[in-house]
Amino acid sequence: MIKFPGLDILWSALPEARVVGGAVRDTLAGKPLADVDLASPLSPDEVMARLTAARIKSIPTGLAHGTVTALVEGQHFEITTLRRDVATDGRHAVVAFSDNWQEDAARRDFTINAMSMDRAGSLHDYFGGLADLQAGKLRFVGEARIRITEDYLRILRFFRFFARYCVGTPDAAAVAAIEELRDGVLGLSAERVWSEVKRLLAAENPIASLQLMQTTRVLDLVLPQGFDIPHLAALIARGAPVDVLLRAATLLAGDIETISKRLKLSNDEAEILQSLQIPFALLPDAADADLRRALADTEAPTLIARSWMSGNWPDLRARLAATLRPVFPLQGRDLTEFGIPPGPRIGIILTAVRRWWLAGGCVANQAACREQALLIIVK
């Protein structure tokens, strides 16, 4: 039985609807649910009419593909009319509405994603998804080659789901089809590729999946600038937190700026990756003064993340977390009080005093820094 806030209210309006996809899979796997999607044999218009009658807000988010979004108790539920594919182009499909549950399930990617569950908690599993989930096996619904040519994103989805749910040897038919059709990923948008890479890296341990991507040469197409799987494996073996960007910075080889442009990373993501790839300069037995100097230039979370990429140093990370970040106590207005007019000389003096402050371990207070500034001014 699937439990999720607002679902019972929604089922009161649409009793014939079933939960589909990830919510079913994750419920059976004992994983938490982030959202719940449903399918219905009713047309989108009928779904919206039912919701309106039940005083449930509905949003026509994708009527062309049969999708309506219902808002219940602050939760968004996507409700999609049962469908069958009329035509596909390797990424998008032209669909026709249906009232046949098995026909709808047959158009899904993997057996573990093709299950549905009704209001009573009964599982509807037309292609052996439960057995595959319990065995840690990932299979395409029907013929792998057909499923992939319908949508080449399924190649990347295979590796993502393999990392999260599977153990042991991958399905031979799936691997053969992926090797044959791997060039299809070159037609995917950069945004979708990066999204799948991040989701893959969010798995508890994605190393086996990444190695499979390398063996099938898909990873060469996705990350042509290069990659370092052993480096990432070492990071995970140290017990580093599951931080997607930390893992990406460890895995990616090559120029981050080039990679960011190719995969269309956000500015924040690119900035974080560039910061994380700066070499970690502290040694495990670094003096307190060295820690303060490092913290003066970089925040503790970034330094701690960089440390995971270099070694397993829990004591050093604890010291970084416990050390207050020093703040340079001198500002431009301190110098104007000494009669220095605004201009480039202000910056030159501040830089010189800060260099002196850093050399002393970042402990000099404002009075000492002002005195040092005066010494520089009178020279």
- Note on the structure: In the stretch 133-215, the GluC sites (Glu not before Pro) that sit in a DSSP loop and have at most 12 other Cβ atoms within 10 Å of their own Cβ are GLU143, GLU204
- Message: As an exercise, take the mean of 1/r over every pair of distinct alpha carbons in the stretch 244-330, invert it, and state the Kirkwood radius in angstroms.
- Response: 13.9
- Message: Connecting C-alpha atoms closer than 10 Å in a GNM of the chain, tell me which of LEU276, LEU212, LEU358 has the biggest fluctuation.
- Response: LEU358
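Just add up the charged neighbours of LEU324: K/R +1, D/E -1, any other residue whose Cβ is under 13 Å from the Cβ of LEU324.
Details: positive: ARG292, ARG319, ARG325; negative: ASP288, GLU299.
Net local charge, LEU324 excluded: +1.
Could you tell me the calculated FRET efficiency between LYS31 and VAL327, based on Cβ-Cβ distance and R0 = 56 angstrom, to the nearest 0.05?
Details: r = 43 Å, r/R0 = 0.77.
E between LYS31 and VAL327, to the nearest 0.05, is 0.80.
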- Principal axis dimensions, largest first and in whole angstrom, of the stretch 95-167 by Cα: 31, 30, 16
- Item | At R0 = 22 Å, FRET efficiency that the Cβ-Cβ distance of GLU46 and GLU73 yields, to 0.05 | 0.45
- Query: Over the stretch 1-135, what is the mean sequence separation of C-alpha contacts under 8 Å (at least six apart), divided by residue count, expressed as relative contact order in percent?
  - Reply: 26
- Mind checking the angle between helix 288-297 and the chain's longest principal axis? C-alpha axes, 0 to 90 degrees, to the nearest 10. 70
- Message: With a 10 Å cut-off between alpha carbons and a GNM built on the chain, which of ALA105, ALA54, ALA208 moves the most?
- Response: ALA54
- Note on the structure: Over the chain, the quotient of the Cα radius of gyration and 2.2 N^0.38 Å is 1.32
- P(r) of the stretch 1-135 over all Cα-Cα pairs, 5 Å bins starting at 0, rounded to whole percent, reads 2, 11, 21, 23, 21, 14, 7, 2, 0
- Query: Rounded to the nearest 5, what % of the DSSP beta bridges within the chain are antiparallel ones?
  - Reply: 80
- Can you pull the one-decimal nm distance between simple spin-label points at VAL378 and SER195, each 7 Å off the Cα toward Cβ? 6.6
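Please work out the FRET efficiency for the pair ARG217 and ALA106, using the Cβ-Cβ distance as r and a Förster radius of 25 Å; give the result to the nearest 0.05.
On the way: r = 30 Å, r/R0 = 1.18.
For R0 = 25 Å, the calculated efficiency reads 0.25.
Go ahead and estimate [θ] at 222 nm for the chain from helices alone: -39,500 (n - 2.57) per DSSP H run with n ≥ 4, summed, over the residue count, rounded to 500. Please report the intermediate quantities before stating the final value.
Details: 21 runs with 193 residues, N = 379.
When only DSSP H runs of four or more count, the value is -14500 deg cm²/dmol.
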- Note on the structure: Counting sequence-distant residues (5 or more places) and residues on other chains, those with an amide H built under 5 Å from that of PHE110 are VAL141
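What is the diffusion coefficient of the stretch 332-378 in µm²/s, taking the Kirkwood radius over Cα pairs and the Stokes-Einstein relation at 25 °C with a viscosity of 0.890 mPa s? Intermediate values should be presented prior to the final figure.
Details: Rh = 10.7 Å.
Roughly 230 µm²/s, to the nearest whole number.
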- Note on the structure: Taking Cα pairs closer than 8 Å and at least 6 residues apart, the relative contact order of the stretch 109-258 in percent is 19
- Message: Explain nothing, just compute: Karplus ³J(HN,Hα) = 6.51 cos²θ - 1.76 cosθ + 1.60, θ = phi - 60°, for every residue of the stretch 133-146 in order, whole Hz, x for Gly and Pro.
- Response: 4, 5, 8, x, 10, 10, 10, 6, 6, x, 7, 4, 4, 5
- Here the net charge surrounding ALA106, from other residues whose Cβ is less than 13 Å away from its Cβ (Lys, Arg +1; Asp, Glu -1), is -2
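No value in this document is a laboratory result; all are computed from the given coordinates. Predicted model only: the values in this text are computed from it and were never measured. Cβ sites come from the backbone with ideal geometry, for glycine too, and all protein chains shown count toward neighbours.
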